[in-house]
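Structure record follows, encoded as structure tokens.
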Amino acid sequence: MIPGSTRAASTNTAFCRTAGACAPPGVEVVVFDDCAVLPHLNPDDDHDPLPPAVVALRTAIAAASAVLFCTPEYAGTLPGSLKNLLDWTVGGTELTGKPVAWAKVAADAHRGEGAHATLATVLGYVQAEVVVSACRHVPITREMVGADGLVADPAAREEIAQTLQALRHDRDELPAACTLGPEDGAERLRRWHALTDRAAPTARRVAHQLEVRFPPGPGVHAELEALAAAEQQCCAFLVWTVTVDSGQPVLHVTAPPDQPDDIDAIASLFGAT
């Protein structure tokens, strides 16, 4: 796991450290929290012998089965320290084909999208395998973090564990469940985020069914229908429909009754857990 903040009391770092304490059986969590010690990238220096901190970074990524990022947004994009870390991965191949995802801990579900859009762009450039269904919003406040630097809230700890479980399982299940490649998956996620940022929908989940209501606005209905149709093509294990109620476009996503967890990822996208 890679936290994107260098702050000692960062809730992003607390998420990563807590993941090690509540990981599902069979999952070992290693946190690389040395963003601050990486030297500023100069491409002229990207050759052997590499700086020790860069060797440690690339070795950790190469040894990982998957990588989960947890980063705040700074000035509308990634913090400079995390962008520098990602820049150091461009010259290697450790992230190529590697399953990756990201978690957002901001209390407001609409904050942090600039950072995650940039992260998706960089991960697509290095050809990492973005596991869209494992990209989660797990709100964490400073009050939820104990003196030991770990998240104490039981509900948040359970969501952290579920995030790890999603990345673990969806790594193998993605080809069967979703026909999108990593770059197309990242682009689809960016379109969903752009639509939700523009329209600010409200979502309600009941068991295996999700309902998301969008305020009427220019292009909202058309983009929602386009996205739902595209999802139906690549995620046929769910039923995606769009209706109109009192002038509001409404997205309905339905999973098989005996598999309600199949809508966890899309429900998390809209903040309906």
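Condition (residue is modelled with pLDDT of 95 or more, of a type outside the set (S, T, N, Q), within 20 Å of Glu143 (Cα to Cα) and assigned to a helix (DSSP H, G or I)) applied to segment 83-92: is it met by at least one residue? Within segment 83-92, none of the residues are modelled with pLDDT of 95 or more, of a type outside the set (S, T, N, Q), within 20 Å of Glu143 (Cα to Cα) and assigned to a helix (DSSP H, G or I). Looking at Val105, is it touching a Pro at 6+ places or on another chain (Cβ under 8 Å), within 14 Å of Pro182 (Cα to Cα) and not assigned by TED's automatic domain parsing to the domain that holds Cys235? No. Within segment 13-48, being in a helix (DSSP H, G or I) and within 18 Å of the chain's Cα centre (by Cα) holds for Thr13, Ala14, Phe15, Cys16, Arg17, Thr18, Ala19, Gly20. Restrict the check to segment 40-62 and report whether at least one residue is of a type in the set (A, V, I, L, M, F, W, C) and touching a residue at least 40 places away in the same chain (Cβ under 8 Å). Yes: one or more hits. Restricting to segment 1-37, name every residue that is crowded, with 16+ Cβ neighbours inside 10 Å and small (Gly, Ala, Ser). Answer for segment 1-37, where residues must be crowded, with 16+ Cβ neighbours inside 10 Å and small (Gly, Ala, Ser): Gly4, Ser5, Ser10, Ala14, Ala19, Gly20, Ala23. Residue check: Gly26 meets all listed conditions (1) of a type outside the set (A, V, I, L, M); (2) modelled with pLDDT of 95 or more; (3) on the phi > 0 side of the Ramachandran plot but one, namely (2). Say whether the condition of being basic (Lys, Arg) and loosely packed, with under 13 Cβ neighbours inside 10 Å is met by at least one residue in segment 191-212. Looking through segment 191-212, at least one residue is basic (Lys, Arg) and loosely packed, with under 13 Cβ neighbours inside 10 Å.
Looking across segment 220-231, just one residue is surrounded by fewer than 14 Cβ atoms within 10 Å (Cβ to Cβ) and modelled with pLDDT under 90, and that is Ala229.
Scanning segment 108-154 for residues that are closer than 18 Å to Trp192 by Cα, out of contact with any Pro (no Cβ under 6 Å at 6 or more places or on another chain) and in a strand (DSSP E or B) gives Arg136, His137. Within segment 232-255, take every residue that is surrounded by 15 or more Cβ atoms within 10 Å (Cβ to Cβ) and among the polar types (S, T, N, Q) and give me the one that is nearest to Ala272 (Cα to Cα). Once the filter is applied, the top-ranked residue is Thr254.
Condition check for Leu57 on (1) in contact with a His (Cβ under 8 Å, 6 or more places away or on another chain); (2) part of a helix (DSSP H, G or I); (3) buried (at least 22 other Cβ atoms within 10 Å of the Cβ); (4) not small (Gly, Ala, Ser): one failure, at (1).
Every condition in (1) closer than 26 Å to Ala147 by Cβ; (2) touching a helix residue (DSSP H, G or I) at 6+ places or on another chain (Cβ under 7 Å) holds for Arg17 except the one numbered (2). For segment 2-12, the set of residues classified as within 21 Å of Glu158 (Cβ to Cβ) and either basic (Lys, Arg) or part of a helix (DSSP H, G or I) (or both) consists of Thr11, Asn12, listed by residue number. Filtered by the rule that a residue be surrounded by fewer than 18 Cβ atoms within 10 Å (Cβ to Cβ), closer than 19 Å to Ala56 by Cα and polar (S, T, N, Q), segment 82-127 gives Asn84, Thr93, Thr96. Please go through segment 92-119 and give me each residue that is touching a Gly at 6+ places or on another chain (Cβ under 9 Å) and of a type in the set (Gly, Ala, Ser), ordered by number. Selection gives Ala106, Ala109, Gly114, Ala115.
Check whether at least one residue in segment 34-53 is in contact with a Cys (Cβ under 9 Å, 6 or more places away or on another chain) and at negative phi, and report yes or no. No: zero hits. When the strands (runs of 3 or more DSSP E) confined to segment 181-253 are screened for residues that are basic (Lys, Arg), those reaching at least 2 such residues are found at 202-206. Restricting to segment 63-94, name every residue that is without any contact (Cβ under 8 Å) to a residue 40 or more places away in the chain and under 13 Å from Thr6 (Cβ atoms). Gly80, Lys83, listed by residue number.
The values are calculated or read from the model by the stated rules, or taken from the named source; none is laboratory data. On a predicted model such as this, the values are computed, not experimentally measured, just so you know. Cβ coordinates were reconstructed from backbone atoms using ideal geometry, including for glycine residues, and neighbour counts include every protein chain displayed.
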